[in-house]
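Colleague: First the structure, then my questions, so here it is.
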Amino acid sequence: IAHREEILNQTRDVFRRARPGAKISMFIGAKHDASGEVVIASVQSLAIHLSTFEPTQFDYIVIDEFHHAAAKTYRKVISHFQPKFLLGLTATPDRTDAADLLVLCGDNLVYECNLIRGINLSLLSNFHYRAIKDVADYEHIPWSKGKFNEALLSAALETEQRAKQVLDEWIKLEGPNRITLGFCCSIAHAEYMANYFADQGINALAVHSGSTTNDRLTAVEDLANGKLQVLFSVDLFNEGLDVPAVD
């Protein structure tokens, strides 16, 4: 179980490699096939159709991105099913709202591996941050409930001066020879950045939840195989995305 299509598609592919002989079915969106030995399901579809499932229908349930499990939809699904084994997986267990995730698993923490240990075990890539002085002025943008006002923040970032700053820094880091993800604050900001980069002759696209988005699956594939240099997004690739080709 997960909440996003990209994560579920990746999960399906992993299970196909792990259990090549098993029947795998999808229960997401318009696909409501729960006949597989392994059922890959979105939490949204399950919550809507819970009445069609017996509580003991599944022996083993895995919930990915388990830090979302405190949400009402997840709790509804978890409380309905009574599997022999429930496994929750997350790379970000510490929530800013202090919600207790372990209580949903009977306070049973099976395994924990932090970021540094993951790097030392070569499970995760090493990294370094490069901070620059931003030309945007954040001082007069209202801050409420842990974030900036989105419309005013977006307007402050959608300027040619700042887009050029991002482009110049990207070029300094050999950006044209690298596969890059760009994280933006709004749909308008993502499209602005993609258009600016494209105007400079760079293969760049924007993907988001709006109607004007490029196809997400195709864009990620093009990024992975090098057809696309930069993919800008909003709240899509913050978690659960596996694109090993990204530099």
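The values are calculated or read from the model by the stated rules, or taken from the named source; none is laboratory data. What you are looking at is a predicted structure, and each value in this text was computed from that prediction instead of being measured. In this analysis, Cβ positions are derived from the backbone assuming ideal geometry, glycine residues included, and neighbour counts consider all displayed protein chains. Calculation scope for accessible area: heavy atoms of the full protein, side chains included, ligands and nucleic acids excluded. Shrake-Rupley method; radii C 1.70, N 1.55, O 1.52, S 1.80 Å.
Colleague: Between E169 and S51, how many nm apart are label points set 7 Å from Cα along the C-beta direction?
Modeller: Taking the simple label geometry, E169 and S51 are separated by 5.3 nm.
Colleague: How far is helix 160-172 tilted, in degrees, relative to the longest principal axis of the Cα atoms in the chain, given as a value from 0 to 90 rounded to the nearest 10?
Modeller: The angle comes out at about 80 degrees.
Colleague: When only C-alpha pairs under 8 Å and at least 6 residues apart count, what is the relative contact order of the chain, in percent?
Modeller: For the chain, the relative contact order is 13 percent.
Colleague: Sticking with this structure for a sec: How much area per residue is accessible in the chain when the probe is 1.4 Å and only protein heavy atoms are counted (Å²)?
Modeller: That works out to 63 Å² per residue.
Colleague: Among the trypsin sites (Lys or Arg not before Pro) in the stretch 114-161, which ones are in a DSSP loop with at most 12 other Cβ atoms within 10 Å of the Cβ? Mind listing them?
Modeller: Counting only loop positions with at most 12 other Cβ atoms within 10 Å, the trypsin sites (Lys or Arg not before Pro) in the stretch 114-161 are R130, K133, K145.
Colleague: Do the sum for the chain: with -39,500 (n - 2.57) for every DSSP H run of n ≥ 4, divided by all residues, what is the mean residue ellipticity at 222 nm, to the nearest 500 deg cm²/dmol?
Modeller: Result for the chain, helices only: -9000 deg cm²/dmol.
Colleague: Okay, moving on. Test of the criteria: in the stretch 34-116, which trypsin sites (Lys or Arg not before Pro) are in a DSSP loop and have at most 15 other Cβ atoms within 10 angstrom of their Cβ?
Modeller: Filter output for the stretch 34-116: K84, R95.
Colleague: Then there's this: Any idea how far the Cα center of the stretch 215-229 sits from the one of the stretch 179-205, in Å?
Modeller: One Cα centre to the other: 14 Å.
Colleague: Run the quick spin-label model on S25 and K227: label points 7 Å from Cα toward the beta carbon, then report their separation in nm to one decimal.
Modeller: Going from the S25 label point to the K227 one covers 3.3 nm.
Colleague: Continuing with the same structure: Here are labelled values, (1) -0.49, -0.90; (2) -0.37, -0.74; (3) -0.40, -0.88, and one is the computed log10 I(q)/I(0) by the Debye sum over Cα atoms at q = 0.08, 0.12 Å⁻¹ for what I pasted. Which one?
Modeller: (3)
Colleague: Is the stretch 97-136 rounded, prolate or oblate when judged by the Cα gyration tensor, a ≥ b ≥ c being the square roots of its eigenvalues, rounded requiring a/c under 1.5 and prolate requiring a/b larger than b/c?
Modeller: Note, shape of the stretch 97-136 comes out oblate.
Colleague: Please report the carbon-and-sulfur percent of the accessible area for the chain; probe 1.4 Å, protein heavy atoms only, DNA, RNA and ligands left out.
Modeller: Within the chain, the accessible surface is 52 percent carbon and sulfur.
Colleague: Which of the three applies to the stretch 143-247, rounded, prolate or oblate, going by the alpha-carbon gyration tensor with a ≥ b ≥ c and a/c under 1.5 meaning rounded?
Modeller: Note, shape of the stretch 143-247 comes out oblate.
Colleague: Moving on to the next point. Under the definition of Cα pairs under 8 Å and six or more residues apart, what whole-number percent is the relative contact order of the stretch 63-185?
Modeller: Across the stretch 63-185, relative contact order equals 16 percent.
Colleague: Continuing with the same structure: Express the relative contact order of the stretch 156-242 as a whole percentage, based on alpha carbon pairs under 8 Å and six or more residues apart in sequence.
Modeller: Relative contact order, the stretch 156-242: 32 percent.
Colleague: Then there's this: At most 12 other Cβ atoms within 10 Å plus a DSSP loop assignment makes a site exposed; report the longest stretch of the chain without any exposed GluC sites (Glu not before Pro).
Modeller: By the stated rule (loop sites, at most 12 other Cβ atoms within 10 Å), 38-111.
Colleague: Under a plain spin-label model, where a point goes 7 Å from the Cα along Cα-to-Cβ, how far apart in nm are A136 and N120?
Modeller: It is 3.7 nm.
Colleague: Please get the size of the charge dipole for the chain, origin at its Cα centre, with Cβ charges of +1 on Lys and Arg and -1 on Asp and Glu, quoted in debye to the nearest 20.
Modeller: Using only the charged Cβ atoms, the result is roughly 540 debye.
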